[in-house]
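Engineer: There's a structure below that I have some questions on.
What follows is calculated from the coordinates using simple rules that are stated; it is not laboratory data. Note that the coordinates shown come from a computational prediction; the quantities given were computed from them, not determined experimentally. Neighbour counts are summed over all protein chains in view; Cβ atoms, including those assigned to glycine, are modelled from backbone coordinates with ideal geometry.
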Amino acid sequence: MKTIATKPRFMRVCQRLPYRPGSIRRLLGSLPICLVVSFALAALSPPLAALDDAVQRGTVSSSLEGHQWRISQFYVSNSSWLSTLPLRVPIPYFAFQDGKIEGSAGCGQFTGTYRGTDDQLAISASWADDTKSPCSDEQKDEAAKILHALASVRRIRPVYDALLLQDENAVLQVRLAAMQSGKDLSELHDTFWHLNQLEGSTVNFPQPVINIGEGNSSGITFSTPAYLIGFPFQYHLLTGLDFVAAYEKGGDSKNSNYSQDQQVANVFEGILHKVVSYELKKDELTFFDKDQHPIMVLSSSLNTGIENRKWRIAKYRVDSSDQTDNDGLIDTKNRAWIVFSNGRVDGSPGGGVWGGTYKLSGEELAFDGGFWYEGMWSPEQLDQGYAVSRAFKGERLIEHRGDQILLRDKSGQAQILLVPF
């Protein structure tokens with residue numbers, strides 16, 4: 001694996017405001033605002049031995065070990081604010097155990113060591129690219145920024161359900177949010193499910209797809225071709241798992257199944273507000289109420305096709321570049337992803353958000369839609385957004401390449417390469 005340097009010469013500043021999920025959700029929240037695009041990678045982090053003067057040998061805080069921590073924010077050098085990582089899957093995370101670190105920035109792998117006392121901490125870490133699905137330039141930049149922040153860590157401060165990693169002046173460098181496997185659905189982010197049992201309803205459930213996203217960003221959605229309803233959720237150490245009011249609700253009232261699907265969705269909504277815990281056994285997910293009665297059962301969607309899976313848009317067609325591969329495709333430089341589910345498209349082509357529908361007939365995909373944007377985007381992001389949108393537009397033939405999918409146009413010309421998240 002290719003290891004990147006860990007200390008930047010200077011870095012791009014990119015402020016991200018809360019991420020918006022999809023479809024009707026696009027009316028809510030804000031989009032990223034990228035101000036300057038420049039970042040260079042330099043020397044490796046200082047060895048741990050060099051940090052012994054700052055942190056004495058001892059036992060690190062027990063709150064750090066034995067958990068996985070989502071990387072929610074990190075300090076941007078020469079700036080007065082934190083960069084907030086977008087909520088996505090794979091989840092950017094760290095795990096600390098017995099002096100060793102492992103984790104990911106969402107792409108590639110972090111490794112390293114740490115040492116500290118109850119309230120002091122020093123970290124030496126490195127990052128390696130993913131050899132199978134190489135990370136984009138943006139992801140490499142992000143990993144290097146996180147490493148730069150980690151190198152400055154000298155203190156650890158537990159707060160509620162998070163850990164604050166600070167420098168020697170108590171300036172926050174990295175914020176780690178608690179991931180409570182088995183409690184907060186964090187181990188199930190970006191998974192798709194079928195509805196098996198629902199308390200209080202006698203309606204059959206052949207069509208609904210349940211997608212578990214990431215809490216307040218994309219929540220949990222119930223969708224059919226005729227109806228969609230979505231709820232953010234949150235987990236508190238004291239009150240547990242909590243599903244709050246729906247952030248989107250509606251569908252195609254002209255569809256013959258609209259009333260029936262709406263009825264099931266309303267029952268689903270009522271059940272969610274009773275949920276306090278869940279249990280995963282093999283491919284079955286059961287939700288329980290406060291008395292530990294099972295009130296909803298889901299079964300895993302093991303679809304190996306293009307639907308009900310989250311795809312990274314790895315490459316797209318560009319006709320005027322000498323950097324294309326043998327198929328005439330070029331690597332995406334800005335994070336791009338897409339989900340096809342129940343006739344709707346969700347995701348981003350790298351700048352802006354998708355809007356549109358699709359039809360699937362065998363190995364033929366007809367995509368009707370595009371993307372739009374609000375706020376400020378870099379010219380590079382917008383150029384990629386338009387190019388990726390054009391590459392998807394119209395009828396496409398699906399070609400399976402192992403676990404990847406290549407989309408071609410009717411003439412056989414390659415347009416898009418999709419790689420599973």
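Engineer: If R0 is 25 Å, what FRET efficiency do you get for ARG401 and ALA128 from their C-beta distance, rounded to 0.05?
Structural biologist: 0.55
Engineer: If you don't mind, another one. Please find the FRET efficiency linking ASP119 to VAL244, where r is the Cβ-Cβ separation and R0 is fixed at 56 Å, and quote it to the nearest 0.05.
Structural biologist: The pair ASP119/VAL244 has a calculated efficiency of 0.95.
Engineer: State, in angstrom, two size descriptors of region 87-189 derived from its alpha carbons: Rg to one decimal place and Dmax to the nearest whole number.
Structural biologist: Cα only, region 87-189: 13.9, 40 Å (Rg, Dmax).
Engineer: Given 20 °C and 1.002 mPa s, compute D for region 166-292 with the Stokes-Einstein relation, Rh being the Kirkwood radius over Cα pairs; round to the nearest whole µm²/s.
Structural biologist: Rounded, D is 134 µm²/s.
Engineer: Report the local net charge at ASN169: Lys and Arg +1, Asp and Glu -1, summed over other residues whose C-beta lies under 10 Å from its C-beta.
Structural biologist: Surrounding charge for ASN169 is 0.
Engineer: What's the center-to-center distance, using Cα atoms, between region 88-142 and region 272-291 in Å?
Structural biologist: Spelled out, the Cα-based centre of one part sits 31 Å from the other.
Engineer: Here's a follow-up. In straight Cα distance, which aspartates and glutamates are under 14 Å from LYS290, not counting same-chain residues fewer than 8 positions off?
Structural biologist: ASP242, GLU279
Engineer: How long is the gain from ALA162 to GLN260 if the chain were fully straight, where each residue apart is worth 0.36 nm and the alpha carbon distance is subtracted?
Structural biologist: Going from the current span to full extension adds 31.0 nm.
Engineer: While we're here: What lysines sit close enough to LYS145 to cross-link, taking a C-alpha to C-alpha distance under 25 Å and skipping anything fewer than 8 places away on the same chain?
Structural biologist: Reachable lysines: LYS2, LYS7, LYS100, LYS132, LYS315, LYS333.
Engineer: Efficiency by 1/(1 + (r/R0)^6): what FRET value for VAL171 and THR357, r their Cβ-Cβ distance, R0 = 45 Å, to the nearest 0.05?
Structural biologist: 0.40
Engineer: So, how do all the Cα-to-Cα distances of region 93-153 break down into 5 Å bins, in percent, from 0 on up?
Structural biologist: The calculated distribution, bin by bin, is 4, 18, 30, 23, 13, 8, 3, 1.
Engineer: What whole-number distance in Å separates the alpha-carbon centres of region 344-421 and region 303-321?
Structural biologist: 6 Å
Engineer: With just the Cα atoms of region 310-420, tell me how far they stretch along each of the three principal axes, in Å, largest first.
Structural biologist: 39, 35, 23
Engineer: Give me the net charge of LYS315's neighbourhood, meaning all other residues with Cβ under 9 Å from the Cβ of LYS315; Lys, Arg count +1, Asp, Glu -1.
Structural biologist: For residues surrounding LYS315, the net value is -2.
Engineer: Would you please put 384-397, 243-256 in order of how densely packed they are, using the mean number of other Cβ atoms within 10 angstrom per residue and starting with the highest?
Structural biologist: Ranking the peptides 384-397, 243-256 by packing returns 384-397, 243-256.
Engineer: Which lysines, on any chain, are close to LYS254 with Cα under 21 Å apart, when same-chain ones fewer than 8 places away are left out?
Structural biologist: LYS359
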